[in-house]
Amino acid sequence: MANLFLGLAILAIVAALCAWGVAAREALKIFRAERPAGLSAATTLFLVVFWPFAVRARDGASAPAADAARMSKATVAFFVAVTLLVASAAAYTNLTTPRPGAVPAQAPAKS
């Protein structure tokens, strides 16, 4: 049972990284379409790499609505994956941590 939760935690990490990648790609598309005033290339790169979910298209911007929809879906997918990771990590550690004072199970003595 513990291995099931370990596998689920690993899948959640992969899903979170994929959602992050989709969000970063969509953030780059939005930045290229809008070119926000006052942001240097370094600031743009920082936002895209470290927190791409902060990037939003402005009203009336040239970025397609589909990009904004994918960004919203990637945000939801990321937070669902993080929630699943935390829950499965908690279950895994609960199942694998030895309890203090617990008597280990012993095989019955052969007679």
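The values are calculated or read from the model by the stated rules, or taken from the named source; none is laboratory data. Because the structure is predicted, anything quoted here is derived from the model rather than measured. Neighbour counts are summed over all protein chains in view; Cβ atoms, including those assigned to glycine, are modelled from backbone coordinates with ideal geometry.
Evaluating PRO108 against the criteria (1) more than 19 Å from ALA23 (Cβ to Cβ); (2) at pLDDT 75 or above leaves one unmet condition, (2).
Filter segment 29-87 for residues that are in a loop (DSSP other than H, G, I, E, B) and at pLDDT 75 or above and give the result. Matches in segment 29-87: TRP51 only.
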